[in-house]
Amino acid sequence: MPLARPESLDSRIIAHIDMDCFYVQVEQRKQPHLRGLPTAVVQYNEWKGGALIAVSYEARKFGVKRSMRGDEAKQVCPQIQLVQVPVARGKADLNAYRNAGSEVVSILARKGRCERASIDEVYLDLTDSAEAMLKESPPHSLESIDAEALKSHVLGLKNENGHDAKEKVREWLCRSDTDHREKLLACGAIIVAELRMQVLKATEFTCSAGIAHNKMLAKLTSGMNKPAQQTVVPFSSVKALLDSLPIKKMKQLGGKLGTSLQNDLGVNTVGGLLQFSEEKLQDRYGINTGTWLWNIARGINGEEVQVRLLPKSHGSGKSFPGPRALKTIVSVQHWINQLGDELSERLCFDLEQNKRMAHTLTLHASAYKLSDSDSHKKFPSKSCPLRYGTAKIQEDAFNLFQAGLREYLGSCGVKIQGSNHNGWGITALSVSASKIVAVPSGTCSIMKYFQGQYPSHSSSKQTPDTFIQESAPLSSSGTESYSELKSAEPQSDYNFPCLDLQGQKISESRDKDSFCSSPKQAKDGFALETSQPTSQPLPSGVIFFMLEQLVIPAVIF
Ligand code: TTP
Ligand code: CA
Ligand code: CA
């Protein structure tokens, strides 16, 4: 076996925390009488009782699975409580779940670098907190160890589930005859147990965690003992863990690469990769992938926890399976308007709450053609610069759709316009906003930002066809993805809706187009909002002018 590399001596402490049956817990908090009962959250639709998207652990005991429809779940568990996902604009409204996830993030982020990885999970880099604990109050010096920490599952610890399991864990946590890394890991386990209890107290939600020396191992183990438990991965346990881990269980090996490893190299577990040299893996899969495979076989992963508390993009989507496919341009326009409205609301919330603006609008669709030999052709995703304002987002998204449809249909002669059946169908639609950057705080920079972004208030309306671009599909399913907050960079010059920096002149499109409607509306014309409309302080020097539904950040000179 090749020599260990520096990363394998990684002494970071990384936790991956994942909420248990998350949507169910959110619904049970809303309706406490559902607690302890077999419960599932169902996606809104009439067919066979809707699709289950989250299943409580009580229901799982009866064999209820996420892949089932509501009717099937009732067959295997007649007493199951089915709760509908909230619906707005005729589609699932996930805001309650997003906000509940944010509550959890705000608690976890207090203790270390925090990366929100999905709606219900985060990575935490707890190295500094663990170092501080080891220095100030190492576990062996504590009078008592928290009961939750004693319930940890420590991989490789003998008698893990036996009578004296807690005693074994206590001994492991309090060992003073071990190396620095393992002592830090013990501190990490105590810190995570405490954090999980804080989350429970503040939000009423339980979560599970993996605590290891890197992100990969933490993620692999957070779901190993669910619900409401944590798993600790000492370095000495890694080999056994990976030796028995089926290739396809690794997130990145679930697809073609995993299949090739199985079929071409005959490798069925991650540990099975150990028999190949790095050179051999590189020859076969390229330099980067080869090295990555060589590393993961040894439990090595240098990926950093990023500071990512907010989504990288916002999206709103809906699928129209089977007979519900959209077959007319009128119905597509109706749904684009709904999706655009939701997207606009979230963008405005992000601007008010987090002072961030998105710069790219993308439309994705899935489609089929009735009379087509080229049936594998995909509906092309299209992007353009994003203009704020519900009507503008709706208009631009619709133009993107039409451009995509023209390309998709090509010369096969099917109709685009009209309200009758046109020979095509749309089975999914989504609009998303990406390239989100922070609006720099401070009077001068805000001024510069808006001038730099939107230099000409009187410039003519943009013509979407001139800037429509092909767009690569977003990394997420189109609803939300999480990423680092980037600072504002110089952007292309395009038009900003209705913005007048001096707060004096507003273009006439304002009535149609609400740029971030405010909960408080001025009755007649101008109202000066001096109180801060968000829970976070605004950058100094910025006030909000409100005109009908228009809220304009403006600068006091
Ligand atoms: P998960 O973390 O995958 O699952 P979970 O939290 O329901 O259950 P577990 O205890 O096993 O972690 O997903 C988080 C939420 O995301 C889930 O509650 C509902 C939603 N979700 C969907 O809407 N569709 C999906 O296909 C999946 C996987 C999740
Ligand atoms: Ca979860
Ligand atoms: Ca999850």
- request: In nm, give the distance between the simple-model label positions of E204 and S244, each being 7 Å from the Cα along the Cα-to-Cβ direction.
  value: 3.8 nm
query: In the full protein assembly as shown, how much of T289 is accessible to a 1.4 Å probe, in Å² to the nearest 10?
result: 50 Å²
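Compute the Kirkwood hydrodynamic radius of region 147-214, taking the inverse of the mean of 1/r over all pairs of distinct Cα atoms, and give it in Å to one decimal.
12.7 Å
Provide the FRET efficiency to the nearest 0.05 for the K151-V87 pair, computing r from the beta carbons and using R0 = 60 Å.
On the way: r = 39 Å, r/R0 = 0.64.
The value I calculate is 0.95.
If Lys and Arg each add +1 and Asp and Glu each add -1, what is the summed charge of the other residues whose beta carbon sits under 14 Å from the beta carbon of A73?
Working: positive: K48, R60, K61, K65, R66, R69, K74; negative: E58, D71, E72.
Value of the local net charge: +4.
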task: Note down the nm distance, to one decimal, between modelled labels 7 Å out along Cα→Cβ at Q31 and at E407.
output: 4.4 nm
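Using a 1.4 angstrom probe on the protein heavy atoms only, could you order W294, W335 from most to least accessible area? Can you show the working numbers first?
Values: W294 5, W335 40 Å².
My answer, sorted largest first, is W335, W294.
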field: For I13, net neighbour charge (Lys/Arg +1, Asp/Glu -1) across residues whose Cβ lies under 10 Å away
entry: -2
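Within the set of other residues whose C-beta is less than 15 Å from the C-beta of R196, count the net charge using Lys and Arg as +1 and Asp and Glu as -1. Don't jump to the answer; show the numbers that get you there.
Working: positive: R110, K111, K151, K201, K226; negative: D18, D20, E103, D120, E121, D146, E148, E194, E204.
So the surrounding residues net to -4.
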- prompt: Among rounded, prolate and oblate, which fits region 273-429 when a ≥ b ≥ c are the square roots of the eigenvalues of its C-alpha gyration tensor, a/c under 1.5 means rounded, and a/b larger than b/c means prolate?
  reply: oblate
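Can you list the GluC sites (Glu not before Pro) in region 37-95 that are in a DSSP coil and have 13 or fewer other beta carbons within 10 angstrom? Present the calculation step by step, with values, prior to reporting the outcome.
Working: sites: E46, E58, E72; in loops: E46.
Passing sites in region 37-95 are E46.
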message: Could you compute how much accessible surface C21 exposes when probed at 1.4 Å, giving the result in Å² to the nearest 10?
response: 20 Å²
- prompt: Which value, in Å² rounded to 10, gives the accessible area of K168 with a 1.4 Å probe and all protein chains present?
  reply: 70 Å²
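For region 81-207, with only Lys/Arg (+1) and Asp/Glu (-1) charged at the beta-carbon, what is the dipole magnitude about the Cα centre, in debye rounded to 20? It would help to have the intermediate numbers written out before the result.
Values: 18 positive and 21 negative charges, 83 e Å.
The calculation lands at about 400 debye.
Full-extension gain between T259 and S371, please, as 0.36 nm times their residue separation minus the C-alpha to C-alpha distance. All intermediate terms of the calculation are to be shown ahead of the outcome.
Working: separation 112, 0.36 × 112 = 40.32 nm, distance 3.40 nm.
Working it through step by step, the gained length comes to 36.9 nm.
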message: Can you compute the modelled spin-label distance between F62 and Q353, with each label point 7 Å from Cα toward Cβ, in nm?
response: 3.4 nm
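Work out, step by step, the length gained on full extension between A438 and W47: first 0.36 nm times the residue separation, then minus their alpha carbon distance; give nm to one decimal.
Working: separation 391, 0.36 × 391 = 140.76 nm, distance 4.25 nm.
Roughly 136.5 nm would be gained on extension.
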message: On a full-extension model of 0.36 nm per residue, what is the gain between E72 and K280, subtracting their alpha-carbon distance, rounded to one decimal in nm?
response: 70.1 nm
query: Which pairs in the list K219/K377; K166/K251; K30/K166; K378/K435; K215/K378 are over 29 Å apart, alpha-carbon to alpha-carbon?
result: K219/K377; K166/K251; K30/K166; K215/K378
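The values are calculated or read from the model by the stated rules, or taken from the named source; none is laboratory data. As the structure is a computational prediction, the values presented were derived from the model and not from experiment. All Cβ positions, even for glycine, are placed from backbone atoms using ideal geometry, and neighbour counts span all protein chains on display. Ligands, DNA and RNA are stripped out before the accessible areas are found, and what is left, the full protein with its side chains, is counted by its heavy atoms. Shrake-Rupley method; radii C 1.70, N 1.55, O 1.52, S 1.80 Å.
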